[in-house]
Amino acid sequence: MNLYSEIPNTLTYLRIILAPILAILMIMEKTLFLSTLVFILFILASITDWLDGYLARKMKKISDIGRMLDPIADKLLIISCLFSLSLTQKMNLFFHIPILAIVCREIFISGLREFMGQKKVILHVSNLAKWKTTLQMITIGVF
């Protein structure tokens with residue numbers, strides 16, 4: 001295997017690594033430089049969500065590890081950023097209830113996928129789920 005063929009999984013690994021880094025940076029004292037850096041890193045991490053899947057399909061490098069890690073990377077990025085936002089923003093209950101709903105849904109879906117995997121049933125990611133993740137990333141970027 002050459003480096004070119006590992007690009008999709010490398011992008012997923014990058015998103016996994018960036019999730020806690022972004023969360024920590026978001027909690028730190030705000031400066032214009034730090035806020036700009038966090039925003040740029042978040043946008044780059046979000047783009048890798050689309051790019052890794054696109055490249056894997058285009059290069060015909062779809063792998064079991066990539067199929068498993070991609071949704072985990074998404075969940076780590078989204079949940080860690082939502083958690084950090086909830087710590088740093090003076091938001092009301094109407095901000096925290098959606099965060100709780102998102103976290104509960106993500107845990108439920110992960111558990112369902114694990115259960116169905118044990119039954120040898122593969123749950124494919126729907127276009128609606130892809131749009132949901134995109135909307136979550138856009139919303140987090142706005143905040």
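Tabulated values for the structure
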{"quantity": "Within a Gaussian network of the chain (alpha carbon springs, distance under 10 Å), most fluctuating of ILE62, ILE40, ILE122", "calculated": "ILE122"}
{"quantity": "Gain in span if fully extended, GLU29 to ILE99, counting 0.36 nm per residue against the direct Cα distance", "calculated": "23.0 nm"}
{"quantity": "Per residue solvent-accessible surface (Å²) - the chain, probe of 1.4 Å", "calculated": "67"}
{"quantity": "R0 of 35 Å, Cβ-Cβ distance LEU112-MET59: FRET efficiency to nearest 0.05", "calculated": "0.70"}
{"quantity": "Histogram of C-alpha separations across segment 8-143, 10 Å bin width, %", "calculated": "11, 40, 34, 12, 2, 0"}
{"quantity": "Accessible area of the chain belonging to carbon and sulfur atoms, whole % at 1.4 Å probe", "calculated": "74"}
{"quantity": "Within segment 93-107: backbone nitrogen closer than 11 Å to the THR139 label point (7 Å, Cα to C-beta)", "calculated": "95-103"}
{"quantity": "Qualifying aspartates and glutamates (Cα of each under 13 Å from Cα of LYS60; at least 8 residues distant if same chain)", "calculated": "GLU6, ASP52"}
{"quantity": "Listed residues ILE109, ILE43, ILE78, most fluctuating in the chain (Gaussian network, C-alpha, under 10 Å)", "calculated": "ILE109"}
{"quantity": "Efficiency of FRET between GLU6 and HIS124 - r from beta-carbon atoms, R0 22 angstrom, step 0.05", "calculated": "0.40"}
{"quantity": "Length-normalised contact order for the chain - Cα pairs under 8 Å, 6+ apart - percent", "calculated": "32"}
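The values are calculated or read from the model by the stated rules, or taken from the named source; none is laboratory data. Owing to the predicted nature of the structure, the values given are computational and were not obtained by experimental measurement. Cβ sites come from the backbone with ideal geometry, for glycine too, and all protein chains shown count toward neighbours. With ligands, DNA and RNA removed, areas are computed over all heavy atoms of the protein, side chains included. Shrake-Rupley method; radii C 1.70, N 1.55, O 1.52, S 1.80 Å.
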